[in-house]
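First comes the structure, then the notes that go with it.
The values are calculated or read from the model by the stated rules, or taken from the named source; none is laboratory data. Computed from a predicted model, the values in this text were never measured in an experiment. Please note: Cβ atoms are built from the backbone with ideal geometry, for glycine as well, and neighbour counts cover all protein chains shown.
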Amino acid sequence: MRNELEELAALRERRDALEETLENLEALYDETQDLQEMYGRLRAELRQRNVETLERMLNETFRLVYQNDSYSHIELDGEYELTVYQKDGDPLEPGQLSGGERALFNLSLRCAIYRLLAEGIEGSAPMPPLILDEPTVFLDSGHVTQLLDLVAYMRDEVGVEQILVVSHDEELVGAADDLVRVEKDATSNRSRVDRVEASVAELV
């Protein structure tokens, strides 16, 4: 009889310990759920902030390079889908833009993304180089001038210290501070790289 009472007491102690463990696990589960919900809300809030900031920067840059009153603004939704609105308020998919308009649109988007990423860097470190690879494709002479305005804007207003433009377009030569010319030898199939003063390159 004594052994049975001791065994019963041990079982009660074990039950009490298990109940305490269960309560702790339930509290931990509730806390985890709260943290997960808070993280979800924070992620959605941060994403919306990024969307709003990127949309603002995109519109600022697009208005600068596309000096035409055909379009009123660009909207960016929570899934980063872009819609261009015409002056009359009708939406227009980016794919319906002309080749030159799409080129300016892509340049604006690239610069806006660059600004969003660069402005998120804390401290006094300079902005990383902005690289534009063949940006004049599909652009006529008038749009090339707008591209130069964009480069000047990114340098003077945004504060980008180094902008690298890779291009075959001679119209960009005069605006460059430094010029690196890459020429390929058709015989040896080797490339030669020369640094040329921009002022001299204008006369070549």
Legend entry - Residues (closer than 24 Å to Glu119 by Cβ and more than 27 Å from the chain's Cα centre (by Cα)) located in segment 139-179: none
Inset, instruction - Please list, ordered by first then second residue, the pairs with beta carbon atoms under 7 Å, 6 or more apart or interchain, first in segment 50-69 and under 13 Å from Ile113 (Cβ atoms), second among the acidic types (Asp, Glu). - result: Glu55/Glu75
Inset, instruction - Scan segment 165-190 and report the pairs whose first residue is on the phi < 0 side of the Ramachandran plot and whose second residue is exposed (fewer than 10 other Cβ atoms within 10 Å of the Cβ) and of a type in the set (Phe, Trp, Tyr), with Cβ atoms within less than 9 Å and a gap of 6+ or a chain change. - result: none
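Residues are listed down the side, and each one gets a yes or a no for (1) at pLDDT below 80; (2) acidic (Asp, Glu):
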{"position": "Arg2", "(1), (2)": "yes, no"}
{"position": "Leu5", "(1), (2)": "yes, no"}
{"position": "Arg14", "(1), (2)": "no, no"}
{"position": "Leu35", "(1), (2)": "yes, no"}
{"position": "Met38", "(1), (2)": "yes, no"}
{"position": "Leu42", "(1), (2)": "yes, no"}
{"position": "Glu45", "(1), (2)": "yes, yes"}
{"position": "Val65", "(1), (2)": "yes, no"}
{"position": "Ser70", "(1), (2)": "no, no"}
Legend entry - Single residue of segment 180-194 satisfying the filter (modelled with pLDDT under 85 and of a type in the set (A, V, I, L, M, F, W, C)) that is farthest from the chain's Cα centre (by Cα): Ala186
